[in-house]
Amino acid sequence: MADESILPEPRYVGFWKRFLAFLVDSLVVSLVLSPLMLALYGGGYFTKLNAELAALLASSGDPNADLARTIDILGRPDSAVSALGDIRVQLGLLVATVLFWRFRGATPGKMLIKARIVTADGLRQPSTARLTGRFLAYFVSIVPAFLGFLWIAFDKRKQGWHDKLAGTVVIEERN
């Protein structure tokens, strides 16, 4: 009989480590996005963004007036908050994230915690198409009050809904 070496069971990365990675990634995205937003929308972008966010967070006590103000702010063609949804910005985030996942196996936050993304069925490097699907599946995890991310805390393999949809898991790197 041939001696087959048995690989150890993968160590799945749990909620709190992944949350830390998310915070690091958010900081990195903010640092990268800031000059992009200034280039696209001009020098007063952040002043306008702060004013709009303050207006959106203020409550008049009248839900109808608050809703009307929200619709007014977000409906403006030059809204700084709506600019975050600009297709150029979103495509840039998608391309940058998928490239990190494809060539490094992780985003900077996951690299910091020594984790990487692999296929759930064979622990191999996912295809670019699967990684793109994983990015798009983030919206499924986000929309219902971030429940798809909270699911990581309860799942046996620590998969969020976006992982389940894309057929991926996040594991600790083996040294």
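Where in the stretch 1-109 are there helices (runs of 4 or more DSSP H), lying fully within it, with 1 or more residues that are among the aliphatic types (A, V, I, L, M) and loosely packed, with under 11 Cβ neighbours inside 10 Å?
15-41, 45-57, 63-75, 87-104
From the residues in the stretch 110-140 that are of a type in the set (Ser, Thr, Tyr) and farther than 16 Å from residue 18 by Cβ, which one is least open to solvent (accessible area, probe 1.4 Å)?
The residue in question is 119.
For the stretch 153-163, which positions are free of Cβ contacts under 8 Å to residues at least 40 places away in the same chain and assigned to a helix (DSSP H, G or I)?
Passing the criteria: 161, 162.
The values are calculated or read from the model by the stated rules, or taken from the named source; none is laboratory data. Please read all numbers here as calculations on a predicted model, not as lab measurements. With ideal geometry, Cβ positions are generated from the backbone for all residues, glycine too; neighbour counts draw on all protein chains shown. The accessibility values were calculated without ligands, DNA or RNA, using every heavy atom of the protein model including side chains. Shrake-Rupley method; radii C 1.70, N 1.55, O 1.52, S 1.80 Å.
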